[in-house]
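The values are calculated or read from the model by the stated rules, or taken from the named source; none is laboratory data. All values derive from a computational prediction rather than experimental measurement. Because the Cβ atoms are built from the backbone with ideal geometry, glycine has one as well, and the counts that use them run over all protein chains shown.
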């Protein structure tokens, strides 16, 4: 079976080739509207429409986790702590995160000294200074956004494709770790972790506020997944010039599923009647969405789907 799908970006409801004419026109039988015609796509007759779906555009949201140092028992002597984070990519192949695994990801550590008598609020400020210096020296740019307020450290992604698969607050214990030359070499032991299956998970210190939510219908999403900036799509005389995504605009997705009777064309049974089922996807600028939906209402009911 052949799967036929069209993908069209709508930046204007006027015909690009004939600006005085509408992109969408009614199809009539006498005085009755039986369908619509979207130029450079197809005629959509009301009787052939199986479903119309709408997915609304939305902005990205960054991954976010907090570490509440006020919930940590203050040490009775100078003690080294560290925040251990692992950032994994989802929906991106940024080579900056390349490693020897099958997925792309990068570790991130903030090591700091909690001196005897220091308050959680003072230590949180120290964490911010260490994180800033660490990112400048090791990563050369801001990999994560680290902030604090009243002893609570907030870790937030700077890219919609970052997921926080590990966030631990760890404490150095000199009596742990491998045995070497008559004693332990020491190791960082979690105080709290996001991993709910871990014996160290308490949920009192480390909290995952949310994982990243990738933007949909944004300029970045459109360029990345639907209109790659290849030479064919960026040259001065590129094809379908009116379908270039607009920077700063957001696009709702409308999917029309239609099934058209083709008559007796089948080959498996005598007089077999064949139907052609096709899918038509339109990404419509949000400022045009209301008028576009009004046109779709002439051929069916628009059903909203979850993002």
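Laid out as a table, the results:
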quantity	calculated
Some residue of the stretch 204-215 being modelled with pLDDT under 95, under 30 Å from residue 305 (Cβ atoms) and loosely packed, with under 15 Cβ neighbours inside 10 Å	no
Qualifying residue in the stretch 80-96 (condition: touching a strand residue (DSSP E or B) at 6+ places or on another chain (Cβ under 9 Å), more than 23 Å from residue 140 (Cα to Cα) and outside the structural domain of residue 255 (by TED's automatic domain parsing))	yes
Sole residue being surrounded by 15 or more Cβ atoms within 10 Å (Cβ to Cβ), assigned by TED's automatic domain parsing to the domain that holds residue 257 and over 16 Å from residue 254 (Cβ atoms), chosen from 72, 33, 10, 27	27
Residue 271 being more than 26 Å from the chain's Cα centre (by Cα) and either assigned to a helix (DSSP H, G or I) or over 23 Å from residue 42 (Cβ atoms) (or both)	yes
Candidates 281, 247, 260, 274, filtered to the one that is surrounded by 12 or more Cβ atoms within 10 Å (Cβ to Cβ), within 22 Å of residue 219 (Cα to Cα) and in the same structural domain as residue 52 (by TED's automatic domain parsing)	281
Verdict on residue 156 being farther than 21 Å from residue 202 by Cβ, in contact with a strand residue (DSSP E or B) (Cβ under 6 Å, 6 or more places away or on another chain) and in contact (Cβ under 8 Å) with a residue 12 or more places away in the chain	yes
Test for residue 227: is it in the same structural domain as residue 10 (by TED's automatic domain parsing), modelled with pLDDT of 95 or more and under 22 Å from residue 286 (Cα atoms)	no
Residues located in the stretch 92-114, provided they are in contact (Cβ under 8 Å) with a residue 12 or more places away in the chain and surrounded by 14 or more Cβ atoms within 10 Å (Cβ to Cβ)	92, 104, 105, 106, 108, 109, 110, 111, 112, 113, 114
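One line per residue, one yes/no per condition, for (1) part of a helix (DSSP H, G or I); (2) within 12 Å of residue 9 (Cα to Cα):
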| residue | (1), (2) |
| --- | --- |
| 222 | yes, yes |
| 227 | no, yes |
| 233 | yes, no |
| 245 | no, yes |
| 253 | no, yes |
| 262 | no, no |
| 278 | no, no |
| 281 | no, yes |
| 288 | yes, yes |
